[in-house]
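Everything below concerns the one structure shown next.
The values are calculated or read from the model by the stated rules, or taken from the named source; none is laboratory data. Predicted model only: the values in this text are computed from it and were never measured. Here the Cβ is made from the backbone with ideal geometry for all residues, glycine too, and neighbour counts use every protein chain on show. Just the protein is used for accessible areas: all its heavy atoms, side chains included, with ligands, DNA and RNA removed. Shrake-Rupley method; radii C 1.70, N 1.55, O 1.52, S 1.80 Å.
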Amino acid sequence: MGKTRNTSLDTVVTDFILLGLSHPPRLRTLLFLVFFIIYILTQLGNLLILLTVWADPKLHTRPMYILLGVLSFLDMWLSSVIVPRLILDFTPASKRIPFGGCAAQLYFFHFLGSTQCFLYTLMAYDRYLAICQPLRYPALMNGRRCTILVAGAWLAGSIHGSIQATLTFRLPYCGPNQVDYFICDIPAVLRLACADTTVNELVTFVDIGVVAASCFTLILLSYANIVHAILQIRTADGRRRAFSTCGSHLTVVTVYYVPCIFIYLRAGSKSPLDGAVAVFYTVVTPLLNPIIYTLRNQEVKSALKRIAAGRGAGSEDK
């Protein structure tokens, strides 16, 4: 599981080289354009949802949409931590990243990623209360309580990111310095350590894998209860609306959690599939969130129409 290098500690690594995703040279320009467009669309889509929730008085006081706004904010930052560096892989620019920059990227990646993990669980809990405990919902999940829960998720994510970054970069790195990945992430960086990594791999398995699996299990349990409650609804229209709201969340959660668990529960794996799988929850999921939640959520679409109509009316008055 762990490993020890006999390389001399006289050489200290001051920067790393990100090797990026494996790709045929002839596709470099195409891949650059694809990821660049994905990044722009991700930022614009999530910004649109964030502004819609903030601007519409019918949305920004409701816990469900407070959580959706926070998710969009997280997606914008998570995408910005990952995709710009990934895009550089398809340009002649240097692939070097300073030691401190690598540590910062790993910290923010795990800080934002784990916060998102906790947020998905809160979203499932919110839907569970709204559908299974409708009469108690206003008391159990109001704006104040939702804000406290979100703050707790941010705090837990920050602690998680700090633990992972500290444990990873307290190890000595004396060469080589080529990270066989498109970002500075724990499994790829640990392979370059000049010391035993058993403790790090164990902490990675417990702190990331088990936490992710536990959150995923809680979400599945919430939705098992939700599905049971939905089936008790007598009207077909009521069942359809409830399934539509929950279906959006389940789709995003599946795309995020399954690749995450696949990577971090396989400690020490060097599978070439890891990079491709990681792209799903680091690049694709932040893009899918605004698309899924906008196209499948009637209230968000109605809010967008109200905002557009208001601006149009304002333009005509002028």
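Using a probe radius of 1.4 angstrom, the carbon and sulfur fraction of the accessible surface of region 26-305 is 71%. Can you compute log10 of I(q)/I(0) for region 26-305 with the Debye formula, treating each Cα as one identical point scatterer, at q = 0.09, 0.12, 0.14, 0.17 Å⁻¹? Relative scattering, expressed as log10 I(q)/I(0), comes to -0.46, -0.79, -1.03, -1.41.
The residues of region 26-305 expose, per residue, 45 Å² of accessible area to a 1.4 Å probe.
The angle between the Cα long axis of helix 298-317 and the longest principal axis of the Cα atoms of the chain comes to about 80 degrees, rounded to the nearest 10. The count of lysine pairs in the chain with alpha-carbon distances below 24 Å, taking only pairs 8 or more places apart or on different chains, stands at 5. Of the residues 23, 260, 159, the one whose Cα sits farthest toward the positive end of the charge dipole of the chain, with +1 on the Cβ of Lys and Arg and -1 on the Cβ of Asp and Glu, is 260. Among 176, 92, 63, the residue with the largest mean-square fluctuation in a Gaussian network model of the chain, with springs joining Cα atoms closer than 10 Å, is 92. Rounded to 0.05, the FRET efficiency of the residue 217 and residue 55 pair, given R0 = 30 Å and the Cβ-Cβ distance, is 0.25. Taking 160, 249, 228 as the candidate residues, the one with maximal mean-square fluctuation in a Gaussian network model of the chain, Cα springs under 10 Å, is 228. 3J(HN,Hα) along region 44-52, derived from phi through the Karplus expression 6.51 cos²θ - 1.76 cosθ + 1.60 where θ = phi - 60°, amounts to 5, x, 6, 5, 4, 5, 4, 5, 5 Hz, with x in place of Gly and Pro. At a Förster distance of 22 Å, what's the computed FRET efficiency of residue 306 paired with residue 47, Cβ-Cβ distance as r, to 0.05? Result of the calculation: an efficiency of 0.75. Helix 211-231 and the longest principal axis of the C-alpha atoms of the chain enclose an angle of approximately 20°.
Straightening the chain between residue 11 and residue 232 buys 72.9 nm, computed as 0.36 nm per residue apart minus the Cα-Cα spacing. Packing order of peptides 203-213, 70-80, highest average first: 70-80, 203-213 (average count of other Cβ atoms within 10 Å over each peptide's residues).
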